[in-house]
1. Here is a list of conditions, (1) closer than 20 Å to T290 by Cβ; (2) open to solvent by 40 Å² or more (accessible area, probe 1.4 Å); (3) over 22 Å from the mean Cα position of the chain (by Cα), and L228 meets all of them except one; can you say which number that is?
2. Consider E35 carefully, then state whether it is acidic (D, E) and within 18 Å of G21 (Cα to Cα).
3. Give the number of residues within segment 271-302 that are modelled with pLDDT of 90 or more and touching a Ser or Thr at 6+ places or on another chain (Cβ under 6 Å).
4. Could you look through segment 111-127, keep only residues that are open to solvent by 100 Å² or more (accessible area, probe 1.4 Å) and not in a helix (DSSP H, G or I), and pick out the one that is modelled with the lowest pLDDT?
5. Just for helices (runs of 4 or more DSSP H) wholly inside segment 1-110: which have at least 2 residues that are modelled with pLDDT of 90 or more and either open to solvent by less than 20 Å² (accessible area, probe 1.4 Å) or on the phi > 0 side of the Ramachandran plot (or both)?
6. Would you mind stating whether A242 is assigned to a loop (DSSP other than H, G, I, E, B) and open to solvent by less than 70 Å² (accessible area, probe 1.4 Å)?
7. Could you check K155 against (1) surrounded by fewer than 18 Cβ atoms within 10 Å (Cβ to Cβ); (2) touching an Asp or Glu at 6+ places or on another chain (Cβ under 9 Å); (3) basic (K, R) and say which number it fails?
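The values are calculated or read from the model by the stated rules, or taken from the named source; none is laboratory data. Just so it is clear, the structure is predicted and the values come from calculations on it, not from any experiment. So basically every Cβ, Gly included, is an ideal-geometry build from the backbone, and we count neighbours across all protein chains shown. What goes into the accessible areas is simple: the full protein's heavy atoms, side chains included, and nothing from ligands, DNA or RNA. Shrake-Rupley method; radii C 1.70, N 1.55, O 1.52, S 1.80 Å.
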Amino acid sequence: MNKKNELALQVLTLAVLASKGIKIARLSGNRNFDEKVVKAKMKSMKANGMLVPAIIVDAKKVIEAGLEIVDFETGEIISGADAARYVVLVDANHRYKGHLNLLEANKELKDEEKYKGEFYLIYALNEEIAVSRMFSEINVCTNPWKGGDFTKGAKMVCKEPLPVLDFIEKLTDEGYPLPTASKWATFKGDITKKIMADAMAGKINDKLRKTNGLKRGERLLKAASEHLSKEVLKSRTLIDWAIKEYEEADDEQKVSVINSLVGFFSSLSKEKAEQIEKAKGQRGGDTKETIINRLLNNFYEQYTQSQNTSTDE
């Protein structure tokens, strides 16, 4: 075993890194912290200590790969000139956040109640692969992400302009499930976790490059947001209904259907919006989705009839 591999296999501690003047950094575009996960990690670490070391890489390598990193505690962007003083967490961000929280909580505790755990780290064993691929493989294969986490990772890595990815990342950051965000952006749910994971590794699918339908989704969402709550917009029911109306129209009518749907959403009264938002499934009866679709159909028919009447006049 060569000396480099011997070093990689050494389990380090924060105290050892600190003695060398090395601090912890994280990717600036990494997934947001889930407070429930952080609390679960805190509970586990306080009871059992750290069972598996975190994985790190040298900050210089990450910056050379074109990725932005920040000081884990201050959030300040780390420049290439300061890279030698940092290592970057490839995984275990939630565990490290939990570790820091436990140390902070110690200030209010008696000595016998304090958390006395250490945080352990190990260098990635295979540093020959691209950093972006490393982040993708470790976080996707060993610590499954949610849809929004994939999108955030793809946005962090991709350097070329991708308006569809920008729009989807904005929505998933607001809590939209990836399939729903994909439908608002493209009228299809085929921008998947796999496509985002591939983008993290530098393989950009053409579906992320096509922007011909993006403005359509942006207009609809903006109009629907005027009167409907974000919870309704996040569900697939509303966008699925709009897609059905669009797809059932003849090709020459599709543009006018979108204009009509935009006008419909913008014109929704407070009363009608509340009926949609408060719809509930009935035990042994219609589902919530069925009820919302019925309301939308009725309200849309009323809207189109009123438009036709005003046109005739």
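1. Condition not satisfied by L228: (2).
2. Details: acidic (D, E): yes; within 18 Å of G21 (Cα to Cα): no.
For E35, the condition - acidic (D, E) and within 18 Å of G21 (Cα to Cα) - is not met.
3. The qualifying residues number 3.
4. Once the filter is applied, the top-ranked residue is L125.
5. Details: elements: 3-8, 14-19, 35-48, 59-64, 93-105.
Output list reads 35-48, 93-105.
6. Numbers: assigned to a loop (DSSP other than H, G, I, E, B): no; open to solvent by less than 70 Å² (accessible area, probe 1.4 Å): yes.
Against the criterion (assigned to a loop (DSSP other than H, G, I, E, B) and open to solvent by less than 70 Å² (accessible area, probe 1.4 Å)), A242 does not qualify.
7. All conditions are met except number (1).
Yes/no per residue for (1) free of Cβ contacts under 8 Å to residues at least 12 places away in the same chain; (2) farther than 30 Å from N212 by Cβ; (3) touching a Leu at 6+ places or on another chain (Cβ under 7 Å):
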position: D251; (1), (2), (3): yes, no, no
position: V255; (1), (2), (3): yes, no, no
position: S260; (1), (2), (3): no, no, no
position: G263; (1), (2), (3): no, no, no
position: Q275; (1), (2), (3): no, yes, yes
position: K280; (1), (2), (3): yes, yes, no
position: K288; (1), (2), (3): no, yes, no
position: I291; (1), (2), (3): no, yes, no
position: Q302; (1), (2), (3): yes, yes, no
